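Read the structure below first, then the notes.
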Amino acid sequence: MSVRRVVPIAMRLSWLVLIALAIGEFVTDLPGPGWATTLLPALVVLALMVATMSLQARAAAPRGEPGPPVEVAPPVAGRWKALNSPADKVPSHGTHAYGQTYAIDIVAEPETAEGEAPGRPGAGPATRPAADPATRPQADPAPRPETAPVTRPAFRLFWPVVRRNRAFPAFGAPLLAVADATVVVASDGQRDHLSRNSLPALAYLMLAEAPVRSIVGAHRIIGNHVILDLGGGTYAVYAHLRRGSLRVRAGDRVRAGQGIGRVGNSGNTTEPHLHFHLMDGPDPDAARGVPFTWRGVGVPANGETFTVVEPEERGGQSTEEQAEEQAGRPTEQQAGRPVEGRAAGS
C-alpha cells in the first residue's frame, strides 16, 4: 500500500481516537495530564490532515503540458448553465484532488418563456447551441407540466435558509452516457440533502459539513456517482446523482446518449447540479484530470448557457423512456398512452 493511501487512513483513525478521548474527558477522568489526552492527539490529527492534503495535491497535479482535450458528447440535454468551468481557470474547483483539475458544474436553466424542461429538446435560443446536425431538433418539445419548476431559485442571504430539491429544475433531469463505455463504478445509496443556497446554510456547508466529508473520503464528497471507462485510459465522472436513480451497474456496457441516471443533490453540494470531469484512472484518489470538450458545445464558460437537443436513441425513444425500459416498466408509447412532458424531478 502506498504512502498516499496510508496517510489518509491514519488520519481517519486518529480522528476516531481524538473523538473518543474528547468524549472520555467528559464522561470520566482519564489518567495523565490533559495535554497528553487531548492536545497531543489533536496536533497529530492536524499534522496528518496537512500531510494528506499535500500528498493529494502533489499526486493529482498535472505533469508537463496538458494533452489535447478529449471530445465527448454532452452528458445532458436541454438548456443549462455552466459554473466553476475550466474555461475560466485551472484547476476549475481550486484543487487538483480527486482528478477534478478540469471539472465543470452545470445547473439547469430552462427557458421561462417557452416553459422548456431540462432533459427535453431545446427550443429557445442559447449562448452556444449544439451544432452537430445529428442532434438538431426533429419536433417541438412536449409541453411542461405547470407543477414543475421553471426557474432556478436564487441565492438568498438569510431566508429561506434551505429549499427542497424539487424547487430546482435540475433535480431529476436525465443524465446521458458521453460515449460508448463500460461502467466501472455505480453508487447511488447516499441521501439527497436540502439546498445550501443561503448564507447560513453555506457557512454550515463550508465550516462543518465539508470538512467532515473530506475526512471520510472522496465518495462522500462526490456523493452518488458513476464512473465510465471510455477507453484509452480516460474515465468520465458524474457526481452528485439522485439517490436510487441509477439505471446501470458496474460492468454494464452503455452507448453514447443512453440514459444512465438522474441529477441529484448528494455529496458536497449547495444545490442540485451535475459535476462532470474526465480523469486518467478509475480511482478519484489516485487519478489526474484530463481536459474535455463537449461535441457541438465546447467548454462553456462560467455563467454561459448552452442548449443540447436530446439524442434520438432506440428508434426515437426519449431518455426517460429508455430509463423506464431499463427498469422493466412499459413506456407510455408501449402502454398505448400519448407521450406528455414530465417534471424534471419525477
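Summary of values
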| read-out | value |
| --- | --- |
| Of all residues in the range 65-106 being of a type in the set (Val, Ile, Thr) and surrounded by 21 or more Cβ atoms within 10 Å (Cβ to Cβ), the one that is farthest from the chain's Cα centre (by Cα) | 72 |
| Output for the range 158-174, where each listed residue is part of a helix (DSSP H, G or I) and hydrophobic (A, V, I, L, M, F, W, C) | 167 |
| Test: residue in the range 214-235 that is among the basic types (Lys, Arg) and crowded, with 19+ Cβ neighbours inside 10 Å | no |
| Selected residue (criterion: farthest from the chain's Cα centre (by Cα)) from residues of the range 45-64 that are β-branched (Val, Ile, Thr) and either crowded, with 16+ Cβ neighbours inside 10 Å or modelled with pLDDT under 70 (or both) | 45 |
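Conditions tested, residue by residue: (1) within 24 Å of residue 105 (Cα to Cα); (2) out of contact with any helix residue (DSSP H, G or I) (no Cβ under 7 Å at 6 or more places or on another chain); (3) buried (at least 20 other Cβ atoms within 10 Å of the Cβ); (4) modelled with pLDDT of 95 or more.
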position	(1), (2), (3), (4)
251	no, yes, no, yes
284	yes, no, yes, no
298	yes, yes, no, yes
314	no, no, no, no
328	no, yes, no, no
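The values are calculated or read from the model by the stated rules, or taken from the named source; none is laboratory data. Quantities reported herein were computed from a predicted structural model and do not represent experimental measurements. Ideal geometry is used to build each Cβ from the backbone, glycine not excepted, and the neighbour counts take in all protein chains shown.
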